[in-house]
1. Could you say which residue among Phe87, Phe102 is in a helix (DSSP H, G or I) and buried (at least 16 other Cβ atoms within 10 Å of the Cβ)?
2. Examine the range 172-191 for a residue that is of a type in the set (Lys, Arg), under 22 Å from Tyr96 (Cβ atoms) and surrounded by fewer than 15 Cβ atoms within 10 Å (Cβ to Cβ), and state whether such a residue exists.
3. Restricting to the range 147-171, count the residues that are basic (Lys, Arg) and either open to solvent by less than 80 Å² (accessible area, probe 1.4 Å) or closer than 25 Å to Asn214 by Cβ (or both).
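The values are calculated or read from the model by the stated rules, or taken from the named source; none is laboratory data. Note that the structure is a prediction, hence the values are computed from the model and not measured. Cβ sites come from the backbone with ideal geometry, for glycine too, and all protein chains shown count toward neighbours. Please note that ligands, DNA and RNA were not included when accessible areas were found on the heavy atoms of the full protein model with its side chains. Shrake-Rupley method; radii C 1.70, N 1.55, O 1.52, S 1.80 Å.
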Amino acid sequence: MHKKIPLLLLATVTLLSACNNKIVDEAEKVESQKKEQEYMQEELEAKQLEILEENEITIDEVLEDIDKEKETKKTLEIEKVEEKEEFHDGEEFAQYVASVLFDYFTGEISAEDYYNFVTKHGSLKHVKDLDTDMKDLMVKSFADIQKFFLEQDLAINKYKVSELTLDEAGIYGYFYRTLITEEGTELNYVTTIVNEGQNWKYESDVLSHGYKENTKEEG
């Protein structure tokens, strides 16, 4: 004759079964919410990219026009900006980017540090073109670029940055940065940043003809 299952054991089994079902339901709910959030994030990024690409045409045209003739821009005092999770101020971010690029070009930071900067503060488009699944290869590529630059033995010891200029929509901004050698030789770049969801991101940095420095004092 089968023994009766004690009521306490039966109640425990029933409770565990109910808890297990609840856990499964909660897990499925969390997974569903996670997938929904991922989908919404992908949709948001797709829409952002579409808007950014439309405005990028405008900023590219501006940069193409100014490349034909040097702009007159104000040179700013160099500010050392501490690392942040997010940057909401474009001028502060421009100073931060200029500092990071200077340190990368002069070997003050490693190629991996620069990779981390790009993956954290790079724009959607910039990161999209970066294969984060092959970190080691990307770090090596950045290291090779850095090594090549350092082998030129340019003796760069300081830099300067221009004021930030925004497009009409306030989405894209650009500024000039100039690397200066001990002998006074200048290497000029124009750097582009972009506002994504109230956060400023690093977009591009290319050689340029530089700018004419506005030496007039504001009165």
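1. Phe102
2. For the range 172-191, residues of a type in the set (Lys, Arg), under 22 Å from Tyr96 (Cβ atoms) and surrounded by fewer than 15 Cβ atoms within 10 Å (Cβ to Cβ): absent.
3. So the count comes out to 2.
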